[in-house]
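Notes follow once the structure below has been shown.
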Amino acid sequence: LDPTEPEAAAWKVDRDTDLHGRVTNAALQPVAGARIFVFETRAHQSPGSWKVAAPAPTPHGSTTSDSQGRYKVALDPGRYYDIQAVPPTAATRLAPKWRQQCQAGELADFILGEASSISGRVTLDGVGVPDVEVVIGPETPYFERPRNKVARARTDRHGSYQLNGLAQGRYTLFARSTEVVVPPSITLDLYERRIEQDIFVSQGRPVAGRIVDAATGAAIVGATVRAGDSTERVACGQDGRFRIPSFRETEVWGNPASTVVIGEAPGYTPASAQVPLGSADPAALEIRLAKGVTAIGRIVDSHGRPCPDAVVMVYKARPRGKSAPRSLRCEGEVRSDGTFVVPGVEPGGRFTGATALHVTAPGHGAVITPLEIPADATGNHDCGEVTLKASLSIGGRVVDSNGRPFPHAMVLITQHIYDAGLKSQNPPLQVLEGTLCTLIVASDDLGRFRVRQLAEGQVTVIARAPARSGARAEATVLLDSERSDPCVELVLPAGESLSGCVVDQHGEGVAGAWIYLFGSGQHTHTIADENGRFEASGLNRGSYSLAVDISLLRRRGHAFIDPLRPSASTGTDDTRIVLSTGDPFRCVITRGRDEQSRAVQITLTDRQTSRQFSEWSDGLGVIETVLPAGSTFDIYYARDANTDPMLVAEEVDPSAGEFALHLD
């Protein structure tokens, strides 16, 4: 700080405990009176690639920026926090902004820009769908849905929605409804004051059934069901009956999870039932749940004292071939004396899927213990006493090729497991396959980083430069009690750069376009700014093929055609990618009466240029894309990857409207 600044003498930052930074507007002028809200989260403890619901953050505290826009808040080292900066009430044109997975001592600056908005319609075959909830939040690593919801709205009677007060950045947008089938979450990059984003839903069919106890046939109170790959659960009634108003009945790209209903209840292992396809009035389903084994035991520290604040879970991987779910996770309760109870564990040993007990606790390293539970086991399974050792830590610095600190670099810490008993499981469970946990932290303004609560074993540390660079450095460290705090220096090479612009056919820049770069041993991406300019740095010297992700732009209402991939060499700054508009094309595919509905791939060949466009239909046999204007197309279809494509339609004009295609 400049010593002549007011309050400089009183402004002292503890770089081990104080999360600190400045709040400014887009002109870098300080914003005084901004509220900084801190939320503690366990989101960094995502085990493997499990797709579980994002844990809700816990409010930790708040502070206010001073007259220079500065703030600081003391945090507990080793924990992870989400931070939100909210402008003062008088600054109504500024939008709140989030920083996620911050640590004590980290520098987290906020630049509050003018508020933006996202609007659009939720439509079913072009007709607006009312009363659908639309939710948006900042994208969260590892999780399909955001853990911090920024805005939500319900569609009006025309199916329209609008989300206001959004800052620039990357978001996850999703819809909720029990009356229609909604698509998966959508990733959006908001770089404009306002963008349009329509959400296309489909009409499912109702599915009804009943959940009962497999042993007694009695209804299970408190049971829930979910449809295939959906995360939305529907509660059953007191008699165990359920009704899913809108069920996606078709198999999507061979994913069997789309054709089943999964039943779950406390103390029972999940079970699934196949939904008959093609039936207009399906018979009621009966899902029979078997009571699981209850894993019991006790958790103590290295001195034999109980650990009541531990978190205990049991993970289970089922063999391939079972419908769903493939992976199970049961979370238990830990009492004040350290004893724990985990109900609903599915029995089965080495040849029916890997099972493991996963225990974590503040100040201790995580422990994973393989479990051998006989297939005919009932009642309790005693896991014995689990001893947690004191946690270890690792720290270091990220520097550039000249030895200067590299601030705000992303540092990934991966804790590995090497246990012959775990690796011999067939099939392997991902959390047991060699990865205990993956943490993501950021280097502070001095390039420093530190991660605590690690266990003994091998750790891989990877540093990556900020999003628009492909620079990367890696180191492997073996942690043990004698070397509990190693210091790692990671050097990020400066590398080469490549820049250019993405424009439409009128020469106007296309903001927020994603540009992927392939070549010279690298695969990275960058994002165009508000003027369509992009730059990728930290590249290996050589030539790269550039591809634009058109799907993201189409979701915003642009009718752009997938461009041919240009090539460019590092050191150039005038690469120009031109996106042309075309005609929207909608094709409805029907099949023989005896054939099941499923997604198919067709290829459209431009008769003038011989350029090919391959498209997949959705589960209802609909293809919506954009094709070059003024051309006619031949359509080919292949039943599988081993058959030659056959011509099924000639001289199709995309501008003629909807096209119906019947496949025998």
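The values are calculated or read from the model by the stated rules, or taken from the named source; none is laboratory data. The structure displayed is predicted, hence computed values, not measured ones. No Cβ is skipped: glycine too gets one built from the backbone with ideal geometry, and neighbour counts run over all protein chains shown. SASA here: full protein model, heavy atoms, side chains in, ligands and nucleic acids out. Shrake-Rupley method; radii C 1.70, N 1.55, O 1.52, S 1.80 Å.
Scanning the range 1-52 for residues that are touching a helix residue (DSSP H, G or I) at 6+ places or on another chain (Cβ under 8 Å) and either modelled with pLDDT of 85 or more or at positive phi (or both) gives a single hit, G48. Taking the range 74-127 as the region of interest, the strands (runs of 3 or more DSSP E) fully inside it that hold 1 or more residues being within 30 Å of G363 (Cα to Cα) and not hydrophobic (A, V, I, L, M, F, W, C) are 80-86, 97-102. Can you report the number of residues in the range 534-547 which are surrounded by fewer than 22 Cβ atoms within 10 Å (Cβ to Cβ), at pLDDT 85 or above and under 22 Å from R464 (Cβ atoms)? Summing the residues that are surrounded by fewer than 22 Cβ atoms within 10 Å (Cβ to Cβ), at pLDDT 85 or above and under 22 Å from R464 (Cβ atoms) in the range 534-547 gives 3.
Residues considered: R79, R70. Of these, the only one that is charged (D, E, K, R) and either in contact with a helix residue (DSSP H, G or I) (Cβ under 6 Å, 6 or more places away or on another chain) or under 15 Å from V23 (Cβ atoms) (or both) is R70. Out of A366, A317, A356, one residue alone is under 24 Å from the mean Cα position of the chain (by Cα), closer than 29 Å to L479 by Cα, at pLDDT 70 or above and among the small types (G, A, S). It is A366. Restricted to the range 88-103, and to residues there that are under 25 Å from the mean Cα position of the chain (by Cα) and farther than 29 Å from T155 by Cβ, the residue that is most open to solvent (accessible area, probe 1.4 Å) is R99.
The sole residue among R152, R170, R147 that is assigned to a loop (DSSP other than H, G, I, E, B), closer than 30 Å to Y81 by Cβ and out of contact with any Gly (no Cβ under 6 Å at 6 or more places or on another chain) is R147. I'd like to know if the range 495-509 contains one or more residues that are more than 16 Å from R576 (Cα to Cα) and open to solvent by 20 Å² or more (accessible area, probe 1.4 Å). Within the range 495-509, one or more residues are more than 16 Å from R576 (Cα to Cα) and open to solvent by 20 Å² or more (accessible area, probe 1.4 Å).
Every residue, every condition in (1) open to solvent by 60 Å² or more (accessible area, probe 1.4 Å); (2) modelled with pLDDT of 75 or more; (3) not hydrophobic (A, V, I, L, M, F, W, C), yes or no:
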{"site": "V234", "(1), (2), (3)": "no, yes, no"}
{"site": "T250", "(1), (2), (3)": "no, no, yes"}
{"site": "V260", "(1), (2), (3)": "no, yes, no"}
{"site": "S272", "(1), (2), (3)": "no, yes, yes"}
{"site": "P282", "(1), (2), (3)": "no, no, yes"}
{"site": "I287", "(1), (2), (3)": "no, yes, no"}
{"site": "V293", "(1), (2), (3)": "no, yes, no"}
{"site": "R298", "(1), (2), (3)": "yes, yes, yes"}
{"site": "V334", "(1), (2), (3)": "no, yes, no"}
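Does the range 156-181 hold any residues that are modelled with pLDDT of 90 or more, open to solvent by 10 Å² or more (accessible area, probe 1.4 Å), small (G, A, S) and farther than 17 Å from L94 by Cβ, and which are they? Within the range 156-181, just S160 meets the criteria.
Highlighted here would be strands (runs of 3 or more DSSP E) found entirely within the range 182-232 that include at least 2 residues which are open to solvent by 60 Å² or more (accessible area, probe 1.4 Å), without any contact (Cβ under 8 Å) to a residue 12 or more places away in the chain and on the phi > 0 side of the Ramachandran plot, but there are none.
A quick yes/no check of all residues on (1) surrounded by fewer than 21 Cβ atoms within 10 Å (Cβ to Cβ); (2) under 18 Å from the mean Cα position of the chain (by Cα); (3) at pLDDT 85 or above:
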position: V86; (1), (2), (3): yes, no, yes
position: G105; (1), (2), (3): no, no, no
position: T123; (1), (2), (3): yes, no, yes
position: E133; (1), (2), (3): yes, no, yes
position: R145; (1), (2), (3): yes, yes, no
position: V150; (1), (2), (3): no, yes, yes
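None of L553, L564, L517 is outside any strand (DSSP E or B) and in contact with a Phe, Trp or Tyr (Cβ under 6 Å, 6 or more places away or on another chain) except L553.
Does Q84 count as farther than 18 Å from A34 by Cα and either in contact (Cβ under 8 Å) with a residue 24 or more places away in the chain or out of contact with any strand residue (DSSP E or B) (no Cβ under 9 Å at 6 or more places or on another chain) (or both)? Before you say what the answer is, go through the steps one by one.
Numbers: farther than 18 Å from A34 by Cα: no; either in contact (Cβ under 8 Å) with a residue 24 or more places away in the chain or out of contact with any strand residue (DSSP E or B) (no Cβ under 9 Å at 6 or more places or on another chain) (or both): yes.
In short, no.
Filtered by the rule that a residue be assigned to a loop (DSSP other than H, G, I, E, B) and modelled with pLDDT of 85 or more, the range 630-664 gives G630, S631, T632, P645, D653, E658.
Of all residues in the range 404-461 being of a type in the set (D, E) and closer than 24 Å to S302 by Cβ, which is modelled with the highest pLDDT? Only one residue fits best here, namely E456. May I ask you to verify whether G304 is touching a Gly at 6+ places or on another chain (Cβ under 6 Å), at pLDDT 85 or above and surrounded by fewer than 16 Cβ atoms within 10 Å (Cβ to Cβ)? So G304 fails the test.
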